[in-house]
Structures are given as C-alpha cells and as structure tokens.
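Down below is the structure, laid out as structure tokens.
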Amino acid sequence: MKPRAMLAAATLAALFTAGASQAQTYDAARARQDWVLNCMGCHTANGSGIPGKVPALRNSLGHFVSLPEGRQFVMRVPGAANSALNDAELANVLNWLLATMNEQSRPASFKPYTAEEIAAHRRPALTDVARTRMKLVKQLQENGVNAVPEHY
Ligand code: HEC
C-alpha cells in the first residue's frame, strides 16, 4: 500500500472506532415503554423522584456507575432487580437512563450494560439499600464528587 493510502485507511479505521464507541446501545422506544410501565410510577416522568420518598435517577446514576460496586448497585436495588423486566430489557432501560438523563454525570469510559452482566449480578436484590448507598455516596465524595445527595 502507498503511504498516502495507508494513512487514509488508518484515518478511516480511527473514524469507525470513534463512531462505534458512541453508537447507540439501546432501543429508545422500548426503553421508554418499559420505563413508563415499570419505573415511572415511582420515579416520576422525568426521573426527578419524589422528595423524601423516591430518589432521582437523573444526574446521579452516571456517578454511581463510575464505581464498580455502584455499577451493580444500580441494578440490584429492589425496584430494578425485582422488576418484571427481563435481563435484556433491564439493561436496555438502564442504558437509556444513562444516555438520556445522565449525559453529564456519565463517565466517558462508561461501557453499556449487557443482558449477560445483568443476569450475573441483579440477584439477590439488595436488602440493605440505605447502607450500601451511603457507602457509595461517601466513596464518591472521597473522589471529589458531591453531586449525589446523601438523602433524597
Ligand atoms: C414501587 C416504587 C418503585 C418502582 C416501581 C421502581 N423504583 Fe427504583 N426506587 C424506589 C425507591 C423507594 C428507591 C430507594 C431505595 C429503596 O428503598 O429501594 C429506589 C431506588 C432506585 C435506584 C437507586 C437510586 C439512588 O439514588 O439510590 C435505582 C437505580 C432505581 N431505583 C431504578 C429503578 C428502575 C430502573 C425501575 C424500573 C425498572 C425502578 N427503579 C422502579 C422505588 C421504585
């Protein structure tokens, strides 16, 4: 291959890689429907939650998934773990939430959830949500992230 052709090929390859990593990894229409039927009743339409009762899922999940244990926390809270959604559907809803309500908080290195990952970790559902959550919030604070409130 001539040097110029090689350069062009390398540029194209780089473009493809960049494109692939940003490719949409969820089915938005399915996610919205599953969200409406399974999550929205408690978490409210725009994911801002109900003060004193239900945490917001907006601008916080992205911080949780930056921690390995936080990545599992998100799928192991009872509302998610015990929902009627199958593993692929739950992965889809979580990826949609992370892409549409957590664009700012989501780390650039975030790898979308897969059905296999959900299947491996969603059960048993957490029984000590408050304690696990507090531990994660403290870890985030140690990392300089104060955006996730200790109490909701
Ligand atoms: C019956 C009401 C209800 C439903 C339905 C529900 N949740 Fe929740 N969710 C809660 C409550 C209450 C909490 C706080 C933790 C706890 O007490 O379980 C919570 C916590 C969470 C958290 C942790 C957020 C944080 O800041 O601690 C995530 C993530 C979550 N829910 C996702 C979902 C998803 C996804 C669905 C739909 C598949 C869903 N929930 C359905 C009530 C609900």
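The set of residues from segment 71-128 being within 14 Å of the ligand (Cβ to nearest atom), of a type outside the set (D, E, K, R), touching a helix residue (DSSP H, G or I) at 6+ places or on another chain (Cβ under 7 Å) and not in a helix (DSSP H, G or I) comprises Val77, Ser83, Ala84, Leu85, Asn102, Ser105, Tyr113, Ala125, Leu126.
Which of the following residues is within 12 Å of the ligand (Cβ to nearest atom), of a type outside the set (Ser, Thr, Tyr), surrounded by 13 or more Cβ atoms within 10 Å (Cβ to Cβ) and modelled with pLDDT of 95 or more: Gly62, Gly52?
On the way: Gly52 fails: surrounded by 13 or more Cβ atoms within 10 Å (Cβ to Cβ).
So the residue among Gly62, Gly52 that is within 12 Å of the ligand (Cβ to nearest atom), of a type outside the set (Ser, Thr, Tyr), surrounded by 13 or more Cβ atoms within 10 Å (Cβ to Cβ) and modelled with pLDDT of 95 or more is Gly62.
The one condition from (1) modelled with pLDDT of 95 or more; (2) out of contact with any Phe, Trp or Tyr (no Cβ under 9 Å at 6 or more places or on another chain) that Glu103 does not meet is (1).
Of all the residues that make up segment 56-70, how many are in a helix (DSSP H, G or I) and either among the charged types (D, E, K, R) or without any contact (Cβ under 8 Å) to a residue 12 or more places away in the chain (or both)? Outline the logic, then answer.
Let us first name the residues in segment 56-70 that are in a helix (DSSP H, G or I), namely 61-64, 68-70.
The next check asks that each one be either among the charged types (D, E, K, R) or without any contact (Cβ under 8 Å) to a residue 12 or more places away in the chain (or both); those that pass are 68-69.
Final tally of qualifying residues: 2.
Scanning segment 72-86 for any residue that is in contact (Cβ under 8 Å) with a residue 60 or more places away in the chain, under 22 Å from Tyr152 (Cα atoms) and surrounded by fewer than 22 Cβ atoms within 10 Å (Cβ to Cβ) turns up at least one such residue.
The values are calculated or read from the model by the stated rules, or taken from the named source; none is laboratory data. Since this is a predicted model, take the numbers as computed values, not measurements. When we count neighbours, we look across all protein chains shown, and the Cβ atoms used for this are built from the backbone with ideal geometry, even at glycine.
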